[in-house]
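Encoded as structure tokens, the structure appears first; notes follow it.
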Amino acid sequence: MEDKIKLLCDIINKSNNIVFFGGAGCSVESGIPDFRSSDGLYSKKLGKNFTPEEAVSHTFFVRHTEEFYEFYKKNLIYRNALPNDCHKALAKLEQMGKVSAIVTQNIDGLHQAAGSKNVFELHGSVLRNYCISCGEFYDVDYVLNAESIPVCKKCGYVVKPDVVLYEEGLNDNIINGAINAIRNADTLIIGGTSLAVYPAAGFINYFRGKNLVLINKTESNVEYKAQLVIHDSIGKVFAQVMKQL
């Protein structure tokens, strides 16, 4: 492990345009559960006539809006979560001129809370909400404080989280920005994800740089492409890296 940390430090020192591509594992250490592990969100027994995956679909939002929000507010918003060593390290590396962009599948806003500026949120953010009719913006507290379904104060229509639900497409501008960042990177660090979610996982195919680094507790099917693979907690890895840089 020590040798791998030294190699990662060497890669970072020699890189000038690092892009970080992250998944749910980046936020687990902040107390936010992932989706697909054995004890993740999708494994929950709800005692309902719908599954967790169905509950975060566009169809469910439209047809069962009250139940959607009951599930959403309980399981997807973690108002007290704080950035961990992974988020803090990436923000510092951006300040140092090493990290040029973060591409994240997470919706918690913790990268920005840590201080990162150039963040492409592929699946949106729970911190942003908007009226589906007039587009009026509402923050996360407005949604949390609504007794049932949050509605727009201006026009009375339903307020929707700015997150990409199942059956919805990704934002074209975010996609293009993320792909361009990855395409131009000299180093791509993939962390906290097993690369199981598409189309986001396919974005790494645009990488043409020198160093591909994978940091995740479990294996992925692209490890054969990587110059460095570390199977460990991403927060732990970055904490050690920052002590040596």
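Quick one: in region 200-220, of everything that is open to solvent by less than 80 Å² (accessible area, probe 1.4 Å) and within 16 Å of residue 176 (Cα to Cα), which residue is modelled with the highest pLDDT? Taking the candidates together, the pick is 207.
When residue 203 is tested against (1) more than 18 Å from residue 25 (Cβ to Cβ); (2) out of contact with any Cys (no Cβ under 6 Å at 6 or more places or on another chain), only condition (1) is not met.
Per-residue answers, yes or no, for (1) in contact with a helix residue (DSSP H, G or I) (Cβ under 8 Å, 6 or more places away or on another chain); (2) closer than 30 Å to residue 65 by Cβ:
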residue: 174; (1), (2): no, yes
residue: 177; (1), (2): no, no
residue: 194; (1), (2): no, no
residue: 202; (1), (2): no, no
residue: 230; (1), (2): yes, no
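Looking at region 126-245, the strands (runs of 3 or more DSSP E) lying wholly inside it that each contain 1 or more residues that are over 22 Å from residue 13 (Cα atoms) sit at 137-139, 159-163. Right, residue 73: touching a residue at least 60 places away in the same chain (Cβ under 8 Å), under 22 Å from residue 152 (Cβ atoms) and in a helix (DSSP H, G or I) or not? Yes, satisfied. Of the residues contained in region 51-66, one or more are found to be acidic (Asp, Glu), over 30 Å from residue 14 (Cα atoms) and modelled with pLDDT of 95 or more.
Taken as a whole, the structure leaves residue 196 outside the set of residues that are within 21 Å of residue 118 (Cβ to Cβ) and either more than 16 Å from the chain's Cα centre (by Cα) or among the small types (Gly, Ala, Ser) (or both). For region 146-184, a tally of residues being more than 21 Å from residue 106 (Cα to Cα) and in contact (Cβ under 8 Å) with a residue 40 or more places away in the chain returns 6. For region 126-140, a tally of residues being closer than 21 Å to residue 56 by Cβ and surrounded by fewer than 19 Cβ atoms within 10 Å (Cβ to Cβ) returns 5.
The values are calculated or read from the model by the stated rules, or taken from the named source; none is laboratory data. These numbers were taken from a predicted model, which means no experiment stands behind them. So basically every Cβ, Gly included, is an ideal-geometry build from the backbone, and we count neighbours across all protein chains shown. Only protein heavy atoms, including side chains, enter the accessible area calculation; ligands, DNA and RNA are left aside. Shrake-Rupley method; radii C 1.70, N 1.55, O 1.52, S 1.80 Å.
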